[in-house]
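The values are calculated or read from the model by the stated rules, or taken from the named source; none is laboratory data. Keep in mind the model is a prediction, meaning the values are calculated, not measured. Because the Cβ atoms are built from the backbone with ideal geometry, glycine has one as well, and the counts that use them run over all protein chains shown. What goes into the accessible areas is simple: the full protein's heavy atoms, side chains included, and nothing from ligands, DNA or RNA. Shrake-Rupley method; radii C 1.70, N 1.55, O 1.52, S 1.80 Å.
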Amino acid sequence: MFNRYTILRFFQRILKETGKTSWILFKIMIPISIAVKIIQELNLLPYVGKLLAPLMNLVGLPGETGLIWASALIVNIYGGILTYLSLVSSSGLSLSSAQLTVLLTMILVAHTFPVELQIARKAGIKMIVMFLLRFVMALVLGGLIFQIYRFFNLFQDTAPIPQIIPQKNTTLLQWVLGELQNYATILLFIFSLLLILELLKVTHIIGYINRLLYPVLKVLGIGKEVVPIAVVGLTLGISYGGAIIIKEANEGKASRRDVFYALTLMGLCHSMIEDTLLMIAMGGKISGVLFARIIFALFISWTIVQLTKNFSDKQFKRWFLVK
């Protein structure tokens with residue numbers, strides 16, 4: 001039976017776990033946020049954009065969209081959106097709806113690398129592996145969508161200029177306040193997620209969820225121990241699911257293979273609710289930013305499992321895991 005004492009202890013434990021899990025994430029995010037801010041202030045992103053220009057041409061996009069993707073890769077999705085809006089207004093950049101969908105889908109697969117790759121590393125995955133996986137697969141998926149749209153002559157009209165204009169911090173104080181607000185939101189989200197996960201365990205609902213999803217995710221090589229966390233990552237994003245999966249991995253509650261396969265799927269397809277709605281509002285077509293992304297992520301994850309399932313633990317660690 002629950003009484004006031006056990007409920008108090010319950011919430012004390014959740015708060016303690018929230019602090020530990022959030023600190024794991026903040027130790028990654030805070031120094032990287034400062035470094036990214038310096039990169040922005042020094043105006044170094046255009047140089048990265050120029051390096052990406054030839055790759056953008058391969059997927060049917062003009063070279064200047066390399067700056068947009070560079071902003072998303074190094075800063076975040078909103079950084080990419082701000083850069084896109086800036087180029088539309090300043091240089092008259094014009095994309096077809098098909099091209100815009102390709103660009104937005106690539107951003108959804110590969111963005112915020114400084115933070116999200118560090119999360120993967122903290123969970124025991126080699127950064128270079130996750131970098132190559134997400135970067136290369138973003139290009140492959142973008143190219144596939146472009147070719148399919150061109151073959152069937154879909155969405156070749158000029159993309160409308162979106163009415164969404166994210167607010168950009170103009171002063172150092174605004175940036176600091178914005179970052180603090182982001183950290184407070186993350187803290188609240190992690191507390192809520194840990195609370196929900198614990199309640200699901202106490203009420204045994206998590207067992208039903210595992211039994212429902214495990215047959216599907218088992219094919220992808222994801223063990224039942226990380227199924228709930230994978231679902232968090234798929235729906236809400238790597239920052240939230242990744243923070244919890246780091247804790248699970250460090251405590252030995254999930255095998256390294258399960259963590260790798262879960263992060264592979266989450267890396268290719270995450271935050272399916274918020275980010276997808278944002279990209280649709282920006283003018284992206286749901287066939288690309290959601291359906292193609294899900295199908296592609298499931299196929300690539302399944303393929304990776306099939307290619308690596310017979311690896312010995314030593315081989316698996318050598319190729320994919322941090323020593």
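Quick notes on this structure:
- Hits in the stretch 286-295 - residues which are of a type outside the set (Gly, Ala, Ser), more than 15 Å from ALA262 (Cα to Cα) and open to solvent by less than 60 Å² (accessible area, probe 1.4 Å): VAL289, LEU290, ARG293
- Among the candidates LEU263, LEU307, LEU268, LEU290, residue that is in contact with a helix residue (DSSP H, G or I) (Cβ under 8 Å, 6 or more places away or on another chain) and either over 30 Å from PHE155 (Cβ atoms) or among the acidic types (Asp, Glu) (or both): LEU263
- SER301, sole failed condition from (1) assigned to a helix (DSSP H, G or I); (2) at positive phi: (2)
- Residue within the stretch 297-307 that is of a type in the set (S, T, N, Q), open to solvent by less than 50 Å² (accessible area, probe 1.4 Å) and touching a residue at least 24 places away in the same chain (Cβ under 8 Å) present: yes
- Pairs, first in contact (Cβ under 8 Å) with a residue 40 or more places away in the chain in the stretch 144-156, second in a helix (DSSP H, G or I) and hydroxyl-bearing (Ser, Thr, Tyr), C-beta under 7 Å, six or more apart: ILE145/THR101; ILE145/THR105; PHE155/SER97; PHE155/THR101; PHE155/TYR149
- The stretch 67-94 residues that are at positive phi, paired with ones that are in a loop (DSSP other than H, G, I, E, B) and surrounded by fewer than 23 Cβ atoms within 10 Å (Cβ to Cβ) (beta carbon under 9 Å, 6 or more apart): none
- The criterion of at least 1 residues that are open to solvent by 60 Å² or more (accessible area, probe 1.4 Å) and under 13 Å from SER301 (Cα atoms) is met, among helices (runs of 4 or more DSSP H) falling completely within the stretch 197-275, by 205-219.
- Residue in the stretch 176-194 that is modelled with pLDDT under 75 and out of contact with any Cys (no Cβ under 8 Å at 6 or more places or on another chain) present: no
- If only residues of the stretch 114-154 that are assigned to a helix (DSSP H, G or I) and among the aromatic types (Phe, Trp, Tyr) are counted, the one that is most open to solvent (accessible area, probe 1.4 Å) is PHE151.
- Out of VAL115, VAL88, VAL109, sole residue that is among the β-branched types (Val, Ile, Thr), more than 14 Å from MET56 (Cα to Cα) and out of contact with any helix residue (DSSP H, G or I) (no Cβ under 7 Å at 6 or more places or on another chain): VAL88
- Test result for ILE161, open to solvent by 60 Å² or more (accessible area, probe 1.4 Å) and in a helix (DSSP H, G or I): no
- A search for C-beta distances below 6 Å between a residue of the stretch 5-27 that is over 23 Å from ILE238 (Cα atoms) and any residue that is acidic (Asp, Glu), counting only pairs 6+ apart in sequence or on different chains, returns nothing.
- Counting residues in the stretch 106-113 that are open to solvent by 40 Å² or more (accessible area, probe 1.4 Å), in contact (Cβ under 8 Å) with a residue 24 or more places away in the chain and out of contact with any strand residue (DSSP E or B) (no Cβ under 7 Å at 6 or more places or on another chain) gives zero.
- Index of the failed condition, ARG318 passing every other in (1) over 24 Å from THR105 (Cβ atoms); (2) of a type outside the set (Val, Ile, Thr); (3) in contact (Cβ under 8 Å) with a residue 12 or more places away in the chain: (3)
- Qualifying residue in the stretch 278-286 (condition: in contact with a Ser or Thr (Cβ under 9 Å, 6 or more places away or on another chain), closer than 30 Å to VAL102 by Cα, without any contact (Cβ under 8 Å) to a residue 12 or more places away in the chain and of a type outside the set (S, T, N, Q)): yes
- Some residue of the stretch 188-195 being open to solvent by 60 Å² or more (accessible area, probe 1.4 Å), over 25 Å from SER255 (Cα atoms), of a type in the set (A, V, I, L, M, F, W, C) and touching a residue at least 60 places away in the same chain (Cβ under 8 Å): no
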